[in-house]
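Here the structure comes first, spelled out in structure tokens, and everything after it is commentary.
The values are calculated or read from the model by the stated rules, or taken from the named source; none is laboratory data. Note that this is a predicted model, so its numbers are computed, not measured. Every residue, glycine as well, gets a Cβ built from its backbone with ideal geometry; the counts of neighbours run over all protein chains shown. Side chains included, ligands, DNA and RNA excluded: accessible areas come from the protein's heavy atoms. Shrake-Rupley method; radii C 1.70, N 1.55, O 1.52, S 1.80 Å.
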Amino acid sequence: MAAETLELNVYNDKKAIAASGGGGGRKSGGTFLGKVKVAGASFAKEGDETLVYYPLEKRSVFSQIKGEIGLKVWFVDEPPPPAPPAADAPAAEQKGDAPSSEDKKEAADDKGKDPAAAAAPAAEEKKPDAAPPAEEKKPEEAAAKPEDKKPENNGKKKSPEKGKKDGDKPKDESKPKDDNKKEVAAAAAAAPASPSMAPPPSPSKMQLATAGVAGDLEIRPQTAAERSMAASGGGSASYDLVDRVPYLFVRLLKAKHHHQDGKQQPLYAQLCIGAHTVRTASAGEWDQVFAFHKASLTASSLEVTVHEEARKPEKEGEAAPEDANLGFVSFDLQEVPKRSPPDSALAPQWYTLEGHAAEDGAAACDVMLAVWVGTQVDEAFQEAWQSDSGGNLVHTRSKAYLSPKLWYLRLSIIQAQDLRLPSPPDGKAKQFGPAFPELYVKAQLGAQVFKTGRIALGSAAAGASNPSWNEDLLFVAAEPFDPFLTVAVEDVFSGHLVGQARVPLSSVHRRSDDRAEPPSRWLNLCGDEARPYAGRVHVRVCLEGGYHVLDEAANVASDVRAASKQLSKPPVGMLEVGIRGASNLVPMKIAKDGASGSTDAYVVLKYGPKWARTRTILDQFNPRWNEQYAWDVFDPCTVLSIAVFDNVRYKVADDGKLPKDARIGKLRIRLSTLDTNRVYVINYALTAVHPVGVRKMGELELAIRFTCPSWLTLMQAYGSPLLPRMHYVKPLGPAQQDVLRHTAMRIVSGRLARSEPPLGPEVVQYLLDTDTHTWSMRRSKANWFRVVGCLSHVATAVKWAHRVRTWEHSPTTVLVHMLLVAIVLCPEMILPTVCLYLFLVLLWRYRSRPREPTGMDPRLSHVDSVSPDELDEEFDGLPSGRPADVVRMRYDRLRAVAGRAQTLLGDVAAQGERIEALLSWRDPRATGVFAVVILLTALVLYAVPFKVLLLGMGFFYLRHPRFRGDMPSAGFNFFRRLPSLSDRVL
């Protein structure tokens, strides 16, 4: 169902009904109004469905029809039919092999009957345990097939169960009868006697199909890559963006030891290959897989030894005996078989151990194991003991994470009634207190607390004793939700709680648009023991599914989908990223003597709600991960974030505190800069900003491919809004968005920190850019020069016009005169000429376009000209932890920068105020001169043709320098003399 698409066509049948004349038969036809396509992934379960309005798609761009259609779409999981008793299997098998003559006669009679009537028994046999609503159907409706129904019955409502059953019937009937004969007796009894009685697919398969449609839920990285390669005709070539790295796999299952006295101790196995020596756990069955990087192997043979643990000494103080060596088995690495998926897993075998025998000459122990040479694509690699990742360390594993699904929770506080206020604390406070108590509503969800404004009882807003607020409070809720939302009314003066109520989030209404207001409710407030009923408050609570909850900065957003599943759209493509390796990484852990260092690097990728983390390569300055991950892309104008860290968490500090992973570098790749269906293999420089300075940390080698099956769908995404509809019809304020974004960041960081292995808060916050709002002199300089860079084109045009005006290059000035004449005489050619000129400029710049997606730009970030003190200020937290003299010096510097910005803003405001002074008669003489000038200008414009006036003005502006003075013009001097409001500012 998840891979299917529901298509709904809307027609206007007035013409068809009028043409039928109410008499002979229905005629096909009607005016096409539009269609709607709903992806199966957006179907909601029964009970979670909501009314969603979909815009009608036009048949062509010239269609004038517009409109929307509201739909409620849901699905119902049908449980599989119960299996019949096993005792009926022989009878069913005999009946299937040799049908009786009565059955043949009934079948012959059914052939002569109406097909609709013959389908009734089959429908009853297919679903004997039908729901009560389905049993109340009329026999005619139950017997009629969907294709045989008359047009008059099209308007009758059908249950979802019946619609699903009819839709699944053709798929079940396509199975041949010969396959049923090959089943065993028990399965034959449970199998349907006819194709029409085939059971529906099991719910587990439905859930797997539903989960597999979105790339966010595909935790295994090779699954999405294999799907993309199969779709593009590349076969089953998984991990095609990275190199296949050979590994030696050893799978140890168990050992069989024949002990004479019957008292057997736990066994364990030990593997020795070159410098690697590793042992299994002491247990009856091990079932462990070991993966050795083949490039690091220095031996030509593998030796597996089985040991038996020695018994503990009976008396204390006695020396414990050594473990018994039960024998070994050796393998030559040159003769180890190779395996590559999609080959099946290599079956383990029993091997007789050498080097130790029983008294009768028989082998003392056998071990079951399998040895093969594979790659990182092997399904056993993810959970295997890995030689280059520290073995079975949890913090060095390769994992994928999912951010919690976030919703906006809107709480509308309307009013309160029948409030019973607590008594004031004492008479003195009552004497000096206000005449009316001030009340406010406080709402809390988890760690989020928001308050309404204060309203004094007895005021106009409060009426007699019913204060009214009419305020909205927005929270960020994450699935699974907190159990309750607490709403409390408090008195500001007394500081006591008037009453509180709790709202279960499981009962909160969910909406996907603003077309219908959520239902309101009255909450009874509970006070103290003296006031069990403290009044009631009128609220409106709903989960806003039409918003996208931003947990990262808007300019680097990787997901813009709405929270509601029913508003999701099918993906436009797939993004595949191969983490090949890194080179020239700097030492992150320095030894105590300072002579050596090490780096344990891993990579974290973030796109949409899915996070991917590679395994940690220990003690390598040139690690090679060769891991590949895939994401479904729903919007091409999104950003992929990648960061490299040094793993410190796998080593517990001496003081017991969990250390934080160190930053190595970060880069972002915008998907809109990638060509579709092309593989990029690029080395990106890793530059990190530290409190001690800016340093190049190394290079990261990536392989990127953005696959898009439909170019037209990709182009349509550029014309659609970036955010869901609710962000535009009911927008949130900038300050409110900033607060909610940081709240969402904290929620995501807290949830991912509770994973296993945990994704540290420092990793999540670094990728989500939680510190972009903090003050940084370096970022301020970068943003200033970005503004200057955008205005540089305007400055270049002004300089060119000045050169033309001053006749620095006479042929250019003559050509500009000719162009001015052509424009004035043919004004209709202005816009076509400008568009053609821009098109030619774009063609010329196409040759120098960026060939590869760029990463972080150190020059644009101004990291090469930053001082150590500015970097220390950038990493200083709030409140500052630096000495007082350092803070005073930085404050003085900030005051100097703010003073220049203040002067610039004052100059800009003065220019606008001078323009307003022309019309305000603040300077009567200047405004009078301006009135006379505009009157004369109006008379001239009435008398002189407009083209002649334009030519005269153009020639006057381009006149030769010998006809121009070296002092400012009269108009410029007049404007500079106009008054502004600067002289009235204190």
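For the stretch 312-327, filtering for residues that are closer than 20 Å to Lys256 by Cβ and without any contact (Cβ under 8 Å) to a residue 60 or more places away in the chain leaves 4. Residues that are in contact (Cβ under 8 Å) with a residue 40 or more places away in the chain, out of contact with any helix residue (DSSP H, G or I) (no Cβ under 8 Å at 6 or more places or on another chain), more than 30 Å from Thr616 (Cβ to Cβ) and open to solvent by less than 60 Å² (accessible area, probe 1.4 Å) within the stretch 731-773 comprise Leu740, Arg741, Thr743, listed in sequence order.
Among the residues in the stretch 950-970, are any assigned to a helix (DSSP H, G or I), at pLDDT 85 or above and more than 30 Å from Leu819 (Cα to Cα)? No - not one qualifying residue is present in the stretch 950-970.
Note on the stretch 291-379: enclosed strands (runs of 3 or more DSSP E) holding 1 or more residues that are of a type in the set (A, V, I, L, M, F, W, C), at pLDDT 80 or above and surrounded by fewer than 16 Cβ atoms within 10 Å (Cβ to Cβ) are 349-352. Any residue at all in the stretch 905-913 that's within 60 Å of the chain's Cα centre (by Cα) and within 30 Å of Asp872 (Cα to Cα)? Yes, that holds for at least one residue. Scanning the stretch 655-675 for residues that are touching a helix residue (DSSP H, G or I) at 6+ places or on another chain (Cβ under 7 Å) and surrounded by fewer than 18 Cβ atoms within 10 Å (Cβ to Cβ) yields one hit, Lys660. On inspection, Pro868 passes the criterion of being in contact with a Gly (Cβ under 9 Å, 6 or more places away or on another chain), farther than 22 Å from Val985 by Cβ and not aliphatic (A, V, I, L, M).
Only a single criterion out of (1) surrounded by 13 or more Cβ atoms within 10 Å (Cβ to Cβ); (2) in a helix (DSSP H, G or I) is not satisfied by Asp885, namely (1). The residues of the stretch 490-540 that are of a type in the set (Ser, Thr, Tyr) and closer than 21 Å to Val449 by Cα, listed by number, are Ser494, Ser506, Ser507.
Taken as a whole, the structure places Asp983 among residues that are charged (D, E, K, R) and outside any loop (DSSP other than H, G, I, E, B).
With respect to Arg922, is the statement that it is outside any helix (DSSP H, G or I) and either over 30 Å from Trp807 (Cβ atoms) or modelled with pLDDT of 85 or more (or both) true? It is true that Arg922 is outside any helix (DSSP H, G or I) and either over 30 Å from Trp807 (Cβ atoms) or modelled with pLDDT of 85 or more (or both).
Taking the stretch 570-593 as the range and being exposed (fewer than 15 other Cβ atoms within 10 Å of the Cβ) and β-branched (Val, Ile, Thr) as the test, only Ile590 passes. In the stretch 435-480, the residue that is surrounded by the fewest Cβ atoms within 10 Å (Cβ to Cβ) out of those that are at pLDDT 90 or above and aromatic (Phe, Trp, Tyr) is Phe450. Taken together, the residues in the stretch 896-906 that are closer than 16 Å to Ser776 by Cα, surrounded by 11 or more Cβ atoms within 10 Å (Cβ to Cβ) and not β-branched (Val, Ile, Thr) amount to 1.
Among the residues of the stretch 573-596, those identified as in a strand (DSSP E or B) and modelled with pLDDT under 90 are Lys589, Ile590.
The condition of being open to solvent by 70 Å² or more (accessible area, probe 1.4 Å), within 28 Å of Leu825 (Cβ to Cβ) and not acidic (Asp, Glu) holds for only one of Val948, Val929, Val933, Val944, that being Val948. Right, Val692: open to solvent by 50 Å² or more (accessible area, probe 1.4 Å), of a type in the set (A, V, I, L, M) and under 25 Å from Lys589 (Cα atoms) or not? Criteria met by Val692. Taking residues in the stretch 778-805 that are open to solvent by less than 100 Å² (accessible area, probe 1.4 Å), and partners anywhere that are at pLDDT below 85 and among the charged types (D, E, K, R), the pairs with Cβ atoms closer than 6 Å and at least 6 places apart or on different chains are Arg778/Glu870. May I ask you to list the residues in the stretch 380-416 that are open to solvent by 10 Å² or more (accessible area, probe 1.4 Å), of a type in the set (Gly, Ala, Ser) and in a loop (DSSP other than H, G, I, E, B)? Ala380, Gly390, Ser398, Ser403 - these are the residues of the stretch 380-416 that are open to solvent by 10 Å² or more (accessible area, probe 1.4 Å), of a type in the set (Gly, Ala, Ser) and in a loop (DSSP other than H, G, I, E, B). Residues in the stretch 751-777 that are modelled with pLDDT of 85 or more and under 29 Å from Pro868 (Cα atoms): Gly760, Pro761, Glu762, Val763, Val764, Gln765, Tyr766, Leu767, Leu768, Asp769.
Just to be sure, is Pro519 over 30 Å from Asp48 (Cα atoms) and without any contact (Cβ under 8 Å) to a residue 60 or more places away in the chain? No, not satisfied. Could you list, in sequence order, all residues of the stretch 854-882 that are small (Gly, Ala, Ser) and surrounded by 14 or more Cβ atoms within 10 Å (Cβ to Cβ)? Selection gives Gly855, Ser861. Touching a Lys or Arg at 6+ places or on another chain (Cβ under 8 Å) and at negative phi, is that true of Leu860? The answer is yes for Leu860.
Residues in the stretch 597-614 that are at negative phi, within 22 Å of the chain's Cα centre (by Cα) and assigned to a loop (DSSP other than H, G, I, E, B): Pro609, Thr614. Is it the case, given these coordinates, that Leu951 is touching a Ser or Thr at 6+ places or on another chain (Cβ under 8 Å) and among the hydrophobic types (A, V, I, L, M, F, W, C)? Against the criterion (touching a Ser or Thr at 6+ places or on another chain (Cβ under 8 Å) and among the hydrophobic types (A, V, I, L, M, F, W, C)), Leu951 does not qualify. Do you know which of the residues in the stretch 695-730 that are out of contact with any Gly (no Cβ under 9 Å at 6 or more places or on another chain) and under 21 Å from Glu68 (Cβ atoms) is least open to solvent (accessible area, probe 1.4 Å)? Across the stretch 695-730, the extreme among qualifying residues is Ala717. Counting only residues that are part of a loop (DSSP other than H, G, I, E, B), of a type in the set (A, V, I, L, M) and over 19 Å from Val577 (Cβ atoms), the stretch 662-715 holds 1 of them.
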